[in-house]
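The values are calculated or read from the model by the stated rules, or taken from the named source; none is laboratory data. Here the structure is a predicted model, which is why all the values come from computation and not from measurement. Glycine also receives a Cβ, built like all others from the backbone with ideal geometry; neighbour counts cover every protein chain displayed. Quick note on the areas: whole protein, heavy atoms, side chains included, nothing else; ligands and nucleic acids left out. Shrake-Rupley method; radii C 1.70, N 1.55, O 1.52, S 1.80 Å.
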Amino acid sequence: SDYHVRHLGIAERLSNPHITSALVDNNGRLWVGTKFGLNRYDGTRFITYDSLSITGNKINAIIEDNSGRIYVGTDECLCVYEPSDDTFNKVWDEWVSCILQTEQDLLFASSNKIVVRNNTGMIEYESDDLGTVISIHNINNQIYIVSKNGLFTFDRNSISKIPVKELDGIILSSEAVDDHIYLGVYQRGIFVVDTDGNVRKKYDRITDGINIGVVCSMQNDLKRNRIWIGTD
């Protein structure tokens, strides 16, 4: 009863109803990524940044770095927002699936690789086993990568796969909670693994009777100590 829900969509000039990512920046602005364009909500309607102002139609990730700069990963590049003239400048010329800000660097995933952006430029780390990266997590200053192919660790020198014995499916989503990583596996439910790849818990239709289906997204709610799960 303390919340009011309002639907924002095509009537407010949202470029597409298929939402892929979202961000509320430090200035309180709402950024919404869709399959066809990036949108910024001005309190009344959406302002759309389409292929004429940002390279790539599908928006995969939006993040604000430690300096307040907005980075957007699309199906064609990584762009950074320039508020002085309300434009986006391309800083990476390949598709970007996800982005992570650490204390020192900006990390993002591209084609079979992790790229580190810092004050000196871009450093690429490739792995043929990596495949499509779902998310990047920072757990106790150690970087963990979740791709459709499995769980990996990244030590700023190389990318190494962490075997997960009971995992036999395609990973579609993930979330890090304390020292554990929750993996949403296609038609298998949710696997909770530690940083060594040991399965600590499984939530599925057989063991829990939960109609989880396909887990499309997960979000850690730190204030309430729970996880929100979006399914099909």
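Quick notes on this one:
- A22 being buried (at least 20 other Cβ atoms within 10 Å of the Cβ) and either assigned to a strand (DSSP E or B) or modelled with pLDDT under 90 (or both): no
- Test result for F152, within 11 Å of the chain's Cα centre (by Cα) and open to solvent by less than 20 Å² (accessible area, probe 1.4 Å): no
- Selection within the stretch 36-52: residues that are outside any strand (DSSP E or B) and within 26 Å of H7 (Cα to Cα). The member of this set that is most open to solvent (accessible area, probe 1.4 Å) is F36.
- For the criterion of being open to solvent by 20 Å² or more (accessible area, probe 1.4 Å), in contact (Cβ under 8 Å) with a residue 40 or more places away in the chain and assigned to a strand (DSSP E or B), E124 fails.
Table: residues versus (1) of a type outside the set (S, T, N, Q); (2) closer than 23 Å to I114 by Cβ.
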residue: L23; (1), (2): yes, yes
residue: G28; (1), (2): yes, no
residue: D50; (1), (2): yes, no
residue: N60; (1), (2): no, yes
residue: E64; (1), (2): yes, yes
residue: S67; (1), (2): no, yes
residue: C79; (1), (2): yes, yes
residue: D85; (1), (2): yes, no
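- Counted residues, the stretch 179-192 - those being open to solvent by 20 Å² or more (accessible area, probe 1.4 Å) and at pLDDT 90 or above: 3
- You will find that of I170, I114, I136, the residue that is crowded, with 20+ Cβ neighbours inside 10 Å and within 22 Å of C216 (Cα to Cα) is I136 and no other.
- Each residue in the stretch 66-79 was checked for being in contact with a strand residue (DSSP E or B) (Cβ under 6 Å, 6 or more places away or on another chain) and either open to solvent by less than 10 Å² (accessible area, probe 1.4 Å) or of a type in the set (S, T, Y) (or both), and 8 pass.
- Residue in the stretch 166-175 that is of a type in the set (D, E), farther than 26 Å from S127 by Cα and free of Cβ contacts under 8 Å to residues at least 24 places away in the same chain present: no
- Scanning the stretch 30-49 for residues that are within 19 Å of the chain's Cα centre (by Cα) and in contact (Cβ under 8 Å) with a residue 12 or more places away in the chain turns up W31, V32, G33, T34, K35, F36, G37, L38, N39.
- Which numbered condition L78 fails, given (1) under 30 Å from P163 (Cα atoms); (2) under 16 Å from the mean Cα position of the chain (by Cα): (1)
- Residue in the stretch 103-123 that is under 22 Å from F36 (Cα atoms) and among the β-branched types (V, I, T) present: no
- If only residues of the stretch 77-121 that are of a type in the set (S, T, N, Q) and in a loop (DSSP other than H, G, I, E, B) are counted, the one that is nearest to N60 (Cα to Cα) is S97.
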